[in-house]
1. Quick one: count up the residues across the range 88-107 that are loosely packed, with under 14 Cβ neighbours inside 10 Å and not small (Gly, Ala, Ser).
2. Can you name the residue in the range 46-84 that is in contact (Cβ under 8 Å) with a residue 40 or more places away in the chain and within 14 Å of the chain's Cα centre (by Cα) and, of all such residues, is farthest from Arg161 (Cα to Cα)?
3. Testing Val162 on (1) under 23 Å from Val56 (Cα atoms); (2) without any contact (Cβ under 8 Å) to a residue 24 or more places away in the chain; (3) not in a helix (DSSP H, G or I), one condition comes back false. Which one is that?
4. Run down Gly134, Gly179, Gly184 and say which single residue is free of Cβ contacts under 8 Å to residues at least 60 places away in the same chain and either assigned to a helix (DSSP H, G or I) or of a type in the set (Phe, Trp, Tyr) (or both).
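Please treat every number below as a calculation from the coordinates, not as lab data. Fair warning: this is a prediction, and the values are worked out from it, not measured in the lab. Cβ sites come from the backbone with ideal geometry, for glycine too, and all protein chains shown count toward neighbours.
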Amino acid sequence: MRFAKALSEGGSPGIVVVFLPLAIAWHATGYRPWPTLGWGLLVALCCSALPMAFIVHGARRGRWETHHVRNREERFVPMLACLLCALGCLAGLLFGGAPRELIALLAAMLTVLVVAMVITRWWKISLHGAVASGAAAAVVAVYGLPYLALYAAVAVVCWSRVRLADHTLAQVIAGALLGPVAGGAVFLLLR
């Protein structure tokens, strides 16, 4: 159980969304370190650090059980906070002249989030699965087919969510499909 919990934490959306923008920014900026850090960290701050601070604060005040917001009915407010932060970031990227691939990534992330918000009104789709799988799809699109190996990590993260009884198998499969189908399509169209 401890191993599953470690995998779940390490593959959580908040962690994945710190590293994914840096990976995409590295390619989008022509492998230049300073622009990569600037753009990548901006997206990581707006789409991971700020929303996670809000979610953790809410959990500490008892608004939801944990930072994973396990109860489907409690997910709307945290997801709305994520959406608002991401929209603010998108505006910053557009007005700041960010690389096109990074804008495409954020548009893809927003698409997945909005679809997940709609689904979550009736069913608890796995955000871990959606984010991990969508991230893998973006990395494969940018860096090539050898990175399909990332889907082994996606499978392990999804397994951990089922093992911890946070999701059913159907919920993690649906999440793992949502990321590359909705997010991947937007990313490929806009990049």
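1. 3
2. Among them, the one singled out is Cys46.
3. Looking at each condition in turn, Val162 falls short on (3).
4. Gly134
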